[in-house]
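K.L.:
Have a look at this one.
The values are calculated or read from the model by the stated rules, or taken from the named source; none is laboratory data. This is a predicted model, so every value here is computed, not measured. Cβ coordinates were reconstructed from backbone atoms using ideal geometry, including for glycine residues, and neighbour counts include every protein chain displayed.
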Ligand code: 13P
Ligand code: 13P
Ligand code: MG
Ligand code: MG
Ligand code: MG
Ligand code: MG
C-alpha cells in the first residue's frame, strides 16, 4: 500500500489583521475533513495553522493531485472562508482566487505539498510550515539538510546518504525545472538556489535509489493572479532517518534565522524565526516571518503525533538572534535592503508615484542649466548692487 501525505494550505481570513487563524474557521474546515474521513476518502488528518495560514495535513491512498482529495480541501477552505466572512475576519477568502473548483487546487490559490510513499517499517516525517514568506525560504535550510555535511554528518557517515541527493529546482518565472546532483554539482546548484525568488527547490531525491525525501509547496500567488495578492506562505514535508536526515539534522538547518522576503505587507526582508505552535501568531511588524515544525510517524496512513518540534528551550538562542536581527532590520525603515526591491514587493505603488512626478523629472542637461542660472544669479548678487 502506498500512502500519500497531502498538505494543502490557504489563508482564508484571520483575526485582527494578518495575525492568526480563528478557531471557528479551523472547526469549520475540520468538519469537512471529518466527513471525508468517515467516507474513507481520507485515512487521517490533522489541522493546524501558522499565523493566518490554515494548514490541512491529510493522508490517503489516492496519490498526488487527486481530484477528490483536492476538492475536499477546497470545500474545507470554502466553509472556513464562509465563517471568516460571518465573523468579519480580515481578508476573508484571501487565497481563494477562483469561484469554482476545477480538477485540483493548483493555480486556484492554495499551496500544495504532496508526497506518495511506500511506508517504511517506521516512517518519521517533519512538516515545516511558514507564514509571511515564500517557497524559496526553504532553499537554504533544505540545502543544509540534504547537502551540507557541516549540518548533516549523515552525509559523511551514513553509507546510504553518502552518494548524495538530487535536487529538482523550479524556475518559477519560466515554469521549467532542472535536476542537479549534490555533491557533484554543488556549485551549479548554489548558483541557482541562491536566487530563491526565482529558483525554488521543489523535490529532493536520494541519489542511491531515487527515494523521494522532501517536497515543497511552490505556488507563487503573484504569478498565478498576474498581480501580487499575497506571499505564498510555504510548506515542506521532509522524510527522516534511516538513510535520510535524522530529525535533529533537519531541525539543525533552522538554527540560522536567515533573511527571507515577506513580513510586513509582503514587502520586507526579515529573519525566519522558529516558534512553537503556541507562538505561531504574526505580531511584530506582522511577523517576523514565522516557522513551525510538527513531527509525525505515519503508520498505515495514520498520523501518529504530532510533536511540536520548536517548542524547546534549545531554540531560545536562535529566537534571541532572530529578535536582534529584527531590531536591526527594522531600523532601516523604508530603505532597501530591508524593503524588497520593487519587482518583489507585494504593493506596486511605485509606477503611480513615478507617473505623478513624471512632469517634474528634468533631463540631466536641463538640471545643469537650472543650476547654472542659479549660480550666475548668486555671482552677480542681488539686483541694484
Ligand atoms: P538511534 O541510535 O537512536 O537509532 O539514533 C540514530 C540517529 O539518527 C541519531 O541522530
Ligand atoms: P499574508 O500573506 O500572511 O496574508 O500577509 C500579508 C500582509 O500584508 C502582512 O503584512
Ligand atoms: Mg493574510
Ligand atoms: Mg500568511
Ligand atoms: Mg498568504
Ligand atoms: Mg503571506
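K.L.:
Please specify each residue of region 17-63 satisfying the condition of being free of Cβ contacts under 8 Å to residues at least 40 places away in the same chain and under 17 Å from the mean Cα position of the chain (by Cα).
P.N.:
21, the sole residue that qualifies.
K.L.:
Assuming residue 40 fulfils every condition listed in (1) touching a strand residue (DSSP E or B) at 6+ places or on another chain (Cβ under 8 Å); (2) surrounded by fewer than 20 Cβ atoms within 10 Å (Cβ to Cβ); (3) part of a loop (DSSP other than H, G, I, E, B) apart from one, which condition is it?
P.N.:
Evaluating residue 40 over (1) touching a strand residue (DSSP E or B) at 6+ places or on another chain (Cβ under 8 Å); (2) surrounded by fewer than 20 Cβ atoms within 10 Å (Cβ to Cβ); (3) part of a loop (DSSP other than H, G, I, E, B) leaves (1) as the failure.
K.L.:
Could you say whether any residue in region 136-153 is surrounded by fewer than 24 Cβ atoms within 10 Å (Cβ to Cβ) and out of contact with any helix residue (DSSP H, G or I) (no Cβ under 9 Å at 6 or more places or on another chain)?
P.N.:
The answer is no, given that none of the residues of region 136-153 is surrounded by fewer than 24 Cβ atoms within 10 Å (Cβ to Cβ) and out of contact with any helix residue (DSSP H, G or I) (no Cβ under 9 Å at 6 or more places or on another chain).
K.L.:
Given the criteria within 27 Å of residue 299 (Cα to Cα), buried (at least 17 other Cβ atoms within 10 Å of the Cβ) and modelled with pLDDT of 95 or more, does residue 25 qualify?
P.N.:
Against the criterion (within 27 Å of residue 299 (Cα to Cα), buried (at least 17 other Cβ atoms within 10 Å of the Cβ) and modelled with pLDDT of 95 or more), residue 25 does not qualify.
K.L.:
So, in region 1-26, exactly how many residues are outside any strand (DSSP E or B) and in contact with a helix residue (DSSP H, G or I) (Cβ under 8 Å, 6 or more places away or on another chain)?
P.N.:
Of the residues in region 1-26, 6 are outside any strand (DSSP E or B) and in contact with a helix residue (DSSP H, G or I) (Cβ under 8 Å, 6 or more places away or on another chain).
K.L.:
Determine if region 73-81 includes at least one residue that is under 23 Å from residue 298 (Cβ atoms) and either within 16 Å of ligand 1 (Cβ to nearest atom) or crowded, with 16+ Cβ neighbours inside 10 Å (or both).
P.N.:
Yes, some residue in region 73-81 is under 23 Å from residue 298 (Cβ atoms) and either within 16 Å of ligand 1 (Cβ to nearest atom) or crowded, with 16+ Cβ neighbours inside 10 Å (or both).
K.L.:
Consider residue 325 against the criteria (1) closer than 15 Å to residue 268 by Cβ; (2) modelled with pLDDT of 95 or more; (3) not in a helix (DSSP H, G or I): it satisfies all of them except one. Which criterion is unmet?
P.N.:
All conditions are met except number (3).
K.L.:
I'd like to verify a number: residues in region 230-264 that are closer than 25 Å to residue 298 by Cβ and assigned to a helix (DSSP H, G or I), how many?
P.N.:
Qualifying residue count for the region: 6.
K.L.:
Continuing with this model, one more query. For region 258-279, indicate whether the set of residues that are at positive phi, out of contact with any strand residue (DSSP E or B) (no Cβ under 6 Å at 6 or more places or on another chain) and more than 16 Å from ligand 2 (Cβ to nearest atom) is non-empty.
P.N.:
Looking through region 258-279, none of the residues is at positive phi, out of contact with any strand residue (DSSP E or B) (no Cβ under 6 Å at 6 or more places or on another chain) and more than 16 Å from ligand 2 (Cβ to nearest atom).
K.L.:
Here is a follow-up. Does region 90-103 contain at least one residue that is under 23 Å from the mean Cα position of the chain (by Cα), buried (at least 22 other Cβ atoms within 10 Å of the Cβ), under 29 Å from residue 310 (Cα atoms) and modelled with pLDDT of 95 or more?
P.N.:
Checked against the condition, which is being under 23 Å from the mean Cα position of the chain (by Cα), buried (at least 22 other Cβ atoms within 10 Å of the Cβ), under 29 Å from residue 310 (Cα atoms) and modelled with pLDDT of 95 or more, region 90-103 yields no hits at all.
K.L.:
Out of 5, 12, I need the residue that is more than 16 Å from ligand 6 (Cβ to nearest atom), under 22 Å from residue 114 (Cβ atoms) and buried (at least 24 other Cβ atoms within 10 Å of the Cβ). Which one?
P.N.:
5
K.L.:
Is it true that residue 161 is in contact with a helix residue (DSSP H, G or I) (Cβ under 6 Å, 6 or more places away or on another chain), outside the structural domain of residue 33 (by TED's automatic domain parsing) and in a helix (DSSP H, G or I)?
P.N.:
no
K.L.:
What number of residues within region 99-149 satisfy the criterion of being assigned by TED's automatic domain parsing to the domain that holds residue 289, in a loop (DSSP other than H, G, I, E, B) and within 16 Å of ligand 3 (Cβ to nearest atom)?
P.N.:
The number of residues fulfilling the criteria is 3.
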